[in-house]
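Visitor: Have a look at this one before I ask anything.
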Amino acid sequence: MLLQFREKAEETAEINCRQQLPNEQKRGNKMTKDSTTKANYSRRDALRLMAAGGIACFAAPNLIGKPDIAWAADKKPAGRVVVGLSQEPTVFNPLMAHIETDDAVHFSLFDALFRMDPSGVLQPNLAAEVPTQKNGGISQDGLNWRVRLRDDVRWHDGKPFTAEDVKFTLELITNPKFRAWRTGGHSLVRDLTVVSPTEITWRMEQVFAPYLSFLTETFIVPKHLFENEADPNTAAFNQAPVGTGAFKWSQRVAGDHLELAANPDYFADGPYVEQLVFKYIPDQTVLYTQFKSGDIDLTDQAYITPDHYEEASKLPGRVVSLVPGASVESLYLNLERPQFKELAVRQALYAAMDRAAIIDALYFGVVTTTETFMPKESYYFNPNLPAQEFNLDAARKLLDDAGWVPGSDGIREKNGVKLAFNNSTTSGNNLREQVQQFLQQTFAEIGVQMTISNLPAAVMFGEFWLKSQFDTAISGVTHLIAADPDATNRLASSAIAAKGGKGSNVGQYSNPEVDALLKKGAQTFDPDARREIYYRIQEIVRQDLPFLPLFAATYVVGTKEGLEGWEPNTNTRTASWHAAAWHWKS
């Protein structure tokens, strides 16, 4: 019913986009491997194209959170849902630097002006509508924005939400003393003006096509809880957050679990469960065991491991879905380490990665190879990049030709630098640890020493990761924000936090042409022109190899039978992107 209504709205709306959208068949929660890898991407791509076109395109009416027609919307929240996470969320201010597992909590506690739905269509959230050129919310030149807000929203402490909170949030992000997660796009905002409690305007310093998408992951924080704080980085809010979301902060047991309680005054539909629990289980085998036993109702990051997929799909009372992800698992190189400054070294390491063996032996063919950071489901995915070939002889020749000579211990060196490095990932992630052992063995065959040095998740993805303190690391990373192709936050030289930048360019990659193309792409609204730009960016990144892709993610998500309202969303980094809609079948 929801999907049919959305399709009808899309058919009758005036859409200023070039592509005609084919019909989409209704999808259920349970998917086979074949259906999840092939189903309906033409429509999804077209819808993403609408979002990527930003101000020129239609945004659907607010359909997020509408319950199944069989579910009575006036029912009181009942029961609880336990979400299993393999890493512990530790950053509760959504504007500060954080990792993917933190998103699971943020999406439940907070709201943004807009959200991106599973079809890639922008939906109003705290805003009353998505501003476009068509409705006058954005000027024809793309520089002047007006956002109208809902008038029925309250913070969890009962204070009314107003345009002052939006203004405060956007200004806090660009405060040089605040440790913001992302400043890209926000740094272009000028002349923020509160017109009324339900209307705010601003001017963009220059056209920035991805900004609507950026705002879908810019959660609004309450001005009144920060204005008397001397330092927003250490505000009490950061450990006891107050949002407008469907769930309220309840309690946290460090190292074990976190509890959220239903917000009875939520302005949108839901929540339908009384309690939401995020349980941390670093060992993925234990996480899966608890899913089997029923202690966990839904598996979020890092989901069910592929080696358990076949068994999990046959478990009674469980629903298992294969969900294409936007994340790419890679071997990340710290390019400021002397070992990796030479392209020949990076090429040799890539040639020495037996990705087919890793995917077949460890991931049971669930995931797929890729040569780029762009999700395969994206309209901007470049399918024409050269394919990596596992070839140890070619790897040795690259190093020989570059002057890296084996020493008496068999480890290559050049100019006093040994081709030796540490590799880190999350302790307890059995699959990644096995990948490390695969790589360690094949690297040794070409005279490269890789030492495994793993850390707990909270340490691994703290400053060690964010401030580029690693030699190499294995991690899954999503380069995009929502459905927009802009990857400035991950690839621009201005996004290197270790050098004082604002962003998540942890490998410290720097290429002037990529910087220029990223800037051009962000200022271009025409989808076809943007596509050419991002194709070229992917070509350069593939040539430079700042990171070595292992595979494109496919997530094995498990839910307990009877949990309804859950829907996969490739445009977010968490399966818990819309817990407000979850409910138990009655």
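Visitor: If the requirement is being at pLDDT 95 or above, closer than 30 Å to VAL417 by Cα and assigned to a helix (DSSP H, G or I), which of these qualifies: LEU349, LEU335, LEU331?
Guide: LEU349
Visitor: Still on this structure, I have one more. Can you name every residue in segment 276-294 that is under 16 Å from PRO456 (Cα atoms) and part of a loop (DSSP other than H, G, I, E, B)?
Guide: Answer for segment 276-294, where residues must be under 16 Å from PRO456 (Cα atoms) and part of a loop (DSSP other than H, G, I, E, B): ILE281, PRO282, ASP283.
Visitor: Within the bounds of segment 154-166, is there any residue that is under 21 Å from the mean Cα position of the chain (by Cα), among the charged types (D, E, K, R) and either modelled with pLDDT under 95 or surrounded by 17 or more Cβ atoms within 10 Å (Cβ to Cβ) (or both)?
Guide: no
Visitor: Return the residues of segment 449-464 that are buried (at least 23 other Cβ atoms within 10 Å of the Cβ) and assigned to a helix (DSSP H, G or I); say none if nothing qualifies.
Guide: The one that is buried (at least 23 other Cβ atoms within 10 Å of the Cβ) and assigned to a helix (DSSP H, G or I): ALA457.
Visitor: Report yes if LYS279 is surrounded by fewer than 18 Cβ atoms within 10 Å (Cβ to Cβ), at pLDDT 95 or above and not small (Gly, Ala, Ser), otherwise no.
Guide: Answer is no for this residue.
Visitor: Next up: Quick check on ASN430: is it farther than 27 Å from SER510 by Cα, touching a residue at least 24 places away in the same chain (Cβ under 8 Å) and assigned by TED's automatic domain parsing to the domain that holds VAL367?
Guide: yes
Visitor: Something else now. Take THR451 and tell me if it is among the hydroxyl-bearing types (Ser, Thr, Tyr), more than 22 Å from HIS186 (Cα to Cα) and out of contact with any Lys or Arg (no Cβ under 9 Å at 6 or more places or on another chain).
Guide: Yes; evaluated as a whole, the condition is true for this residue.
Visitor: Would you tally the residues in segment 226-247 being in contact with a Pro (Cβ under 9 Å, 6 or more places away or on another chain), surrounded by 20 or more Cβ atoms within 10 Å (Cβ to Cβ) and not in a loop (DSSP other than H, G, I, E, B)?
Guide: 1
Visitor: Anything in segment 454-477 that is closer than 17 Å to ALA553 by Cβ and not aliphatic (A, V, I, L, M)? List them, or say none.
Guide: Selection gives PHE461, SER475, GLY476.
Visitor: Being surrounded by fewer than 15 Cβ atoms within 10 Å (Cβ to Cβ), in contact with a helix residue (DSSP H, G or I) (Cβ under 7 Å, 6 or more places away or on another chain) and more than 30 Å from VAL320 (Cβ to Cβ), is that true of even one residue in segment 431-448?
Guide: Looking through segment 431-448, at least one residue is surrounded by fewer than 15 Cβ atoms within 10 Å (Cβ to Cβ), in contact with a helix residue (DSSP H, G or I) (Cβ under 7 Å, 6 or more places away or on another chain) and more than 30 Å from VAL320 (Cβ to Cβ).
Visitor: From (1) modelled with pLDDT under 95; (2) farther than 19 Å from HIS186 by Cα; (3) buried (at least 17 other Cβ atoms within 10 Å of the Cβ), pick out the condition that doesn't hold for LEU480.
Guide: Only one criterion is unmet by LEU480, namely (2).
Visitor: Can you find, within segment 352-391, the residue that is surrounded by the fewest Cβ atoms within 10 Å (Cβ to Cβ) among those that are among the aromatic types (Phe, Trp, Tyr) and under 21 Å from VAL514 (Cα atoms)?
Guide: This residue is PHE381.
Visitor: Check segment 189-201 and report whether any residue there is surrounded by 14 or more Cβ atoms within 10 Å (Cβ to Cβ) and within 25 Å of the chain's Cα centre (by Cα).
Guide: Taking every residue of segment 189-201 in turn, at least one turns out to be surrounded by 14 or more Cβ atoms within 10 Å (Cβ to Cβ) and within 25 Å of the chain's Cα centre (by Cα).
Visitor: A further question on this structure: Give me a count of the residues in segment 222-266 that are among the basic types (Lys, Arg) and under 23 Å from PRO282 (Cβ atoms).
Guide: Going through segment 222-266 one residue at a time, the tally reaches 1.
Visitor: Let me ask something additional. For PHE208, work out the one condition from (1) buried (at least 22 other Cβ atoms within 10 Å of the Cβ); (2) touching a strand residue (DSSP E or B) at 6+ places or on another chain (Cβ under 8 Å); (3) not in a helix (DSSP H, G or I) it doesn't fulfil.
Guide: (2)
Visitor: Please report, ordered by residue number, the helices (runs of 4 or more DSSP H) entirely within segment 471-586 with at least 2 residues that are among the hydroxyl-bearing types (Ser, Thr, Tyr).
Guide: Fully inside segment 471-586 and qualifying: 527-544.
Visitor: Of SER187, SER139, SER119, which residue is modelled with pLDDT under 95 and closer than 21 Å to MET96 by Cβ?
Guide: SER187
Visitor: Filter segment 519-539 down to the residues that are among the aliphatic types (A, V, I, L, M) and more than 16 Å from LEU143 (Cα to Cα), then identify the one that is surrounded by the fewest Cβ atoms within 10 Å (Cβ to Cβ).
Guide: Ranking the qualifying residues of segment 519-539, first place goes to ALA529.
Visitor: Scan segment 383-400 and give yes if some residue there is of a type outside the set (Phe, Trp, Tyr), modelled with pLDDT under 95 and within 24 Å of the chain's Cα centre (by Cα), otherwise no.
Guide: no
Visitor: A further question follows. Which of the residues belonging to segment 100-149 are β-branched (Val, Ile, Thr) and surrounded by 23 or more Cβ atoms within 10 Å (Cβ to Cβ)?
Guide: Passing the criteria: THR101, VAL105, VAL121, VAL130, ILE138, VAL147.
Visitor: While we're here: Which of the residues that make up segment 392-425 are among the β-branched types (Val, Ile, Thr) and either surrounded by fewer than 11 Cβ atoms within 10 Å (Cβ to Cβ) or not in a loop (DSSP other than H, G, I, E, B) (or both)?
Guide: Within segment 392-425, VAL405, VAL417 qualify.
Visitor: When the residues of segment 554-571 are narrowed to those that are among the hydrophobic types (A, V, I, L, M, F, W, C) and more than 17 Å from GLU311 (Cβ to Cβ), which ends up farthest from the chain's Cα centre (by Cα)?
Guide: Going through the qualifying residues, I end up with LEU563.
Visitor: A further question on this structure: Within segment 128-136, can one find any residue that is modelled with pLDDT under 95, of a type outside the set (Val, Ile, Thr) and in a helix (DSSP H, G or I)?
Guide: no
Visitor: Continuing with the same structure: Could you tell me whether any residue of segment 295-308 is modelled with pLDDT of 95 or more and assigned to a helix (DSSP H, G or I)?
Guide: No - not one qualifying residue is present in segment 295-308.
Visitor: Could we say that ASP191 is out of contact with any helix residue (DSSP H, G or I) (no Cβ under 6 Å at 6 or more places or on another chain), touching a residue at least 12 places away in the same chain (Cβ under 8 Å) and assigned to a strand (DSSP E or B) here?
Guide: yes
The values are calculated or read from the model by the stated rules, or taken from the named source; none is laboratory data. Note that this is a predicted model, so its numbers are computed, not measured. Note that each Cβ is placed from the backbone with ideal geometry, even for glycine, and that neighbours are counted across all protein chains shown.
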